[in-house]
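Chemist: The following block contains the structure, expressed as structure tokens.
The values are calculated or read from the model by the stated rules, or taken from the named source; none is laboratory data. Please read these numbers as outputs of a predicted model, since none were measured by experiment. Cβ placement follows ideal geometry from the backbone for every residue including glycine, while neighbour counts extend to all protein chains displayed. These accessible areas exclude ligands, DNA and RNA; they are computed on the full protein's heavy atoms, side chains included. Shrake-Rupley method; radii C 1.70, N 1.55, O 1.52, S 1.80 Å.
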Amino acid sequence: MASKECKTSECPICGRSFDISTINQHVNDCLNDGDDACVITQPNKKRKSAEMNPNAAWGCLKPSSSTEQNESRVSPENVKRHKTLQKSSTQTKSASPIMVDEDSSSNEIKAEVQSQTKTFLSNTSNYQNRQKTFFSTSNKADDNMNNISSHPTKSQNPFFQKKTNSTVKSAKSEFSPLAEQMRPLTLENYIGQDKAVGEKSLLHSLLRSDHIPSMILWGPPGCGKTTLARIIAARCKNEGSAKFVQLSATTSGVNDVKEVIKVAKNDQKLLRRKTVLFLDEIHRFNKSQQDTLLPHVEDGTINLIGATTENPSFQVNSALLSRCRVIVLEKLSADALKMIITRALSELGAKIYKTPDNIENNTASNSLEPVVWIEEQAIGVLANLCDGDARAALNSLQMAVESRIAAFKNSSSNQRNKQKNGVDNVAMVTTEHIKDGLQRSHVLYDKTGEEHYNIVSALHKSIRGSDASASLYWLARMLEGGENPLYVSRRLVRCASEDIGLADPLALNQAVAAYQACHLIGMPECEVILAQCVVYMARAPKSVEIYEAYNKAKRKVKEHDGPLPGVPLHLRNAPTKLMKNLGYSKGYKYNPAFKNPVEQDYFPEELIGTDFFT
């Protein structure tokens, strides 16, 4: 330790000499007024750092109030320790002065402290420089992202970057398919469902008046059920009149619905705001799951919008169905699909040509990013092949265009600059490219859904109406859609007796033989066998005499008042002596034993004289 005669001592931080009585205050000031740096605790175990300086014992400078980043570099344990030492220092209101040895070890300690302090300050400076560099780089990256839409890079496809006012493109929209990007957000841009939501429809008026009823949206895939729900969601958001919550029955359960209802009740009480719950694929909920919605739809806690491709009469609880309005969305027409495709091409910057002579050179564009030109006839072909499914049409368009852009980029520069039609930097999409992308017509058919029963009903009615061509058409729709041929042949067996009956008894033989043949050889060889049977039955004479007579007999049994009459005794069999003694079979006339017709009643006494054929 330093001698008591020593009057001055050097500061271990700045190296200047100060009086011993003031060195303690100076060291504190020197530490607190320096850079935002941590001070290395002195390694000399002889020094009692806690007595010298609470900050030195803490091992870190007190952070500057103007710099929040330094606070994050202090561990919680050091902060707690520092506060404890400060409290102890305040209570004693005195601090022992820093005593610096004047021997040789003193110089070594001072040099070590100064060296460690300079090293730490240098590291801190480097850290701050790296921070500045990082944020500068981040800002530049943000600037580059902001310029993506206007300056496409080599790895980006300008065709699928939506031309909007927003300069920053979210990751979801960047990787989402074209059908998702092109969803309209207003009723004015909603195409193809004029009957359901047209200007003269009831639903259109309700949505305009900001009154959203509980409804079930029923329609085939790609007709716009989810899009209509998104339009309602956008209107709720803009008006601020309701909260829109979206769930899918394929991924959500009763607990998710209960959570939504719990929040909806709080919003209704505290914010005076209603909740609209959109439940996609509602037919995936079983009967008990659907029952959880009943009381809350009934008392107005939520307004339910369900979407389904299945018939609500069979897939939705009748109690829930009575509380909702069923909105039927029809399959989109070819004209509606053409409008949707054309609008998508316009928004994405593609161009349409009738003949190759209409294509213009793209000399101003980067050769790696061609301008997309699509043949006008290809739009019509795509609209006709997708069977009213807008999602399939847009995604097929995306696949065809991406393949042509990839082919353009993979070609050599000479091939890019000298194309067959003499134009430069152009990716052409023709009718052949669209057909190659689809490979075949998109057949809408669900073997267990609504379309299954619709088409088999059309087949049966076409045979009944003796229209052989229509019968073959509906048969082809079923088989090309993947229907089981045994199911078709079973229906033909029924049709042979129901609609042809005794007018041509051989029709039943044809139907049974067709069933056995289908069972033996299967698809696709059995399709011609079914076609033969269908045409035979369509051309055969028709008679529903048997069918109608049997229906009359069923009604007679069902509508009989009182107990059904017993079998007359003379018609009963008598295999035992006891039964003969009871009168069973007594008075029965065996018809083959008589040469002339036998006068005998075969009805119960109450039904004598009944004729089901007149």
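Chemist: For segment 220-306, with every protein chain kept in place, what is the accessible area per residue (1.4 Å probe, Å²)?
Modeler: 48 Å²
Chemist: Excluding ligands and nucleic acids, what accessible area in Å² is computed for residue 480 using a 1.4 Å probe, to the nearest 10?
Modeler: 110 Å²
Chemist: A further question follows. Could you derive backbone 3J(HN,Hα) for segment 541-550 from the dihedral phi with the Karplus parameters 6.51, -1.76 and 1.60 (θ = phi - 60°), listing whole Hz in sequence and x where the residue is Gly or Pro?
Modeler: With coefficients 6.51, -1.76 and 1.60, one gets x, 10, 8, 10, 4, 5, 4, 6, 5, 5 Hz.
Chemist: Got a sec to turn the phi values of segment 283-291 into Karplus ³J(HN,Hα) couplings, 6.51 cos²θ - 1.76 cosθ + 1.60 with θ = phi - 60°, whole Hz, x for Gly and Pro?
Modeler: So the Karplus estimates, Gly and Pro as x, are 5, 6, 6, 6, 5, 5, 5, 5, 5 Hz.
Chemist: Let me ask something else. Please give the contour-minus-distance gain from residue 199 to residue 572: 0.36 nm per residue of separation, less the Cα-Cα distance, rounded to one decimal in nm.
Modeler: Values: separation 373, 0.36 × 373 = 134.28 nm, distance 7.16 nm.
Between residue 199 and residue 572, full extension yields 127.1 nm more.
Chemist: Follow-up question, since we're still on this one. Hey, rough spin-label estimate for residue 333 and residue 272, points 7 angstrom out along Cα→Cβ, what's it come to in nanometres?
Modeler: 4.6 nm
Chemist: Where nothing but the Cβ of Lys and Arg (+1) and of Asp and Glu (-1) is charged, how large is the charge dipole of segment 219-276 around its Cα centre, in debye to the nearest 20? Before the final figure, lay out the partial values.
Modeler: Working: 12 positive and 4 negative charges, 52 e Å.
Dipole about the Cα centre, nearest 20: 260 debye.
Chemist: Next up: Residue 582 versus residue 453, label points 7 Å from Cα toward the beta carbon: distance in nm?
Modeler: 4.5 nm
Chemist: Once you place label points 7 Å from the Cα toward the Cβ at residue 29 and residue 559, how far apart are they in nm?
Modeler: 11.6 nm
Chemist: Also, quick follow-up: Quick one: which of 307-315, 426-434 comes out on top by average Cβ neighbours within 10 Å, and what's the full order, highest first?
Modeler: On the way: 307-315: 18.2, 426-434: 20.1.
Packing order, densest peptide first, comes out as 426-434, 307-315.
Chemist: Which whole-angstrom value gives the distance between the alpha carbon centres of segment 479-495 and segment 266-326?
Modeler: When both Cα centres are located, 36 Å separates them.
Chemist: Quote the accessible area belonging to residue 555 in square angstrom, nearest 10, computed with a 1.4 Å probe and with ligands, DNA and RNA left uncounted.
Modeler: Rounded to the nearest 10, that gives 120 Å².
Chemist: Right, here's the next one. Past 19 Å, Cα to Cα, is the threshold; run 558/589; 338/435; 554/586; 287/558; 461/552; 195/274 against it and keep the listed order. Display every interim value, and only then the final one.
Modeler: On the way: 558/589 30 Å; 338/435 16 Å; 554/586 29 Å; 287/558 31 Å; 461/552 22 Å; 195/274 28 Å.
Pairs exceeding 19 Å: 558/589; 554/586; 287/558; 461/552; 195/274.
Chemist: Run a plain Debye calculation on segment 493-576 (Cα atoms as equal point scatterers, no solvent) and give log10 I(q)/I(0) at q = 0.12 Å⁻¹, rounded to two decimals, same order as the q list.
Modeler: The calculated log intensity ratios at q = 0.12 Å⁻¹ are -0.57.
Chemist: What percent of all Cα-Cα pairs in segment 235-356 falls into each 10 Å bin, going from 0 up to the bin containing the maximum distance?
Modeler: All Cα pairs, binned at 10 Å, distribute as 11, 34, 25, 16, 10, 3, 0 percent.
Chemist: Determine the relative contact order of segment 208-324: mean sequence separation of Cα pairs under 8 Å and six or more apart, normalised by residue count, in whole percent.
Modeler: 36 percent
Chemist: May I pose another question? Scan around residue 244 for amide H atoms under 5 Å from its own, H built in the peptide plane at 1.01 Å from N, and keep only partners 5 or more places away or cross-chain.
Modeler: The answer is 276.
Chemist: Sorting 357, 504, 29 by accessible area (1.4 Å probe), largest first, what list results?
Modeler: Numbers: 357 140, 504 25, 29 65 Å².
Largest accessible area first, the residues go 357, 29, 504.
Chemist: Convert 20 °C to kelvin, take the viscosity as 1.002 mPa s, use the Kirkwood radius over C-alpha pairs of segment 203-275 as Rh, and evaluate the Stokes-Einstein diffusion coefficient in µm²/s, rounded to a whole number.
Modeler: Values: Rh = 13.7 Å.
Rounded, D is 156 µm²/s.
Chemist: A follow-up question, please. Heavy-atom accessible area of residue 291 with all protein chains present, probe 1.4 Å, nearest 10 Å²?
Modeler: 70 Å²
Chemist: Would you please put 561-567, 279-285 in order of how densely packed they are, using the mean number of other Cβ atoms within 10 angstrom per residue and starting with the highest?
Modeler: Values: 561-567: 8.1, 279-285: 21.9.
Those peptides, ordered most packed to least, come out 279-285, 561-567.
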